[in-house]
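Visitor: Okay, handing you the structure first.
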Amino acid sequence: GIGSNTFQKGTVSASDIAIAVAGLYKATDDLNVYANFSRGYFFPQFRGFVPIATGVTGSDYEPEVILQGEAGVKFGNKKLSASLAAYYVTLTDRISLRNSFVNGQLEPVRRDEQNTSTIGVEATADYKIATGFNVRASFTFQNHEITKNVSEDLISGVTENTNEGNELARQPNLLGFLGLY
């Protein structure tokens, strides 16, 4: 406890697997077609799981699974290099615990679980105007949404299912740039 010269301990464990698969096909001397897929994970940030007398349950400390897939074409010759790709990303089982002091003890008071998905298209180009002088451009359009968002008040037991179908916070739909280099 805080200021009591004692330590509170807790034990959590998690394991998962990550894989990646990719392929590339040379269609012509200037054009390649590619695809890749990966499955990975994030472990929840441990600082969100305060060891307390009631303990952290195994369902609170599970890996967050991320699936990513991309397919596209890449073109390149002496003057121009360009790419066009479509992608899809999902993140599932993102757990967040909010802690607060309750009757003088730090305890989790809210548990949030969220899933998200994003689908998008990206185009890039680099054109050589002269030696050491290029024009570059990039454009990305993505459609992203919260596919699950369950919040549970651990004190009252009230569960809310909100924001499903909404866009992700602080994530733009359009990104792009154009510049001379």
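Visitor: Quick check for the chain: number of Lys pairs with alpha-carbon distance under 30 Å, counting only pairs 8 or more apart or on different chains?
Guide: Total qualifying Lys-Lys pairs in the chain comes to 7.
Visitor: To one decimal place, what Kirkwood hydrodynamic radius in Å is obtained for the chain from all pairs of distinct Cα atoms?
Guide: After inverting the pairwise mean of 1/r, the radius is 20.1 Å.
Visitor: Mean 1/r over all different Cα pairs, inverted: what Kirkwood radius does the stretch 110-166 give, in Å?
Guide: Evaluated on the stretch 110-166, it is 14.8 Å.
Visitor: Below 14 angstrom from the Cβ of residue 178, what's the summed charge of the other residues (Lys, Arg +1; Asp, Glu -1)?
Guide: Here the count lands on 0.
Visitor: Carbon-plus-sulfur fraction of the accessible area of the chain, 1.4 Å probe, in percent?
Guide: After summing per-atom areas, the C and S share lands at 56 percent.
Visitor: Something else about it: Under a Cβ-Cβ cut-off of 10 Å, what is the net charge of the residues other than residue 112 that fall near it, where Lys and Arg count +1 and Asp and Glu count -1?
Guide: +1
Visitor: A follow-up question, please. Taking each pair of distinct Cα atoms in the stretch 82-181 once, what is the resulting Kirkwood hydrodynamic radius in Å?
Guide: 16.8
The values are calculated or read from the model by the stated rules, or taken from the named source; none is laboratory data. Small disclaimer: the values here were computed from a predicted structure and weren't measured. FYI the Cβ positions are ideal-geometry reconstructions off the backbone, even for glycines, and counts take in every protein chain you see. Side chains included, ligands, DNA and RNA excluded: accessible areas come from the protein's heavy atoms. Shrake-Rupley method; radii C 1.70, N 1.55, O 1.52, S 1.80 Å.
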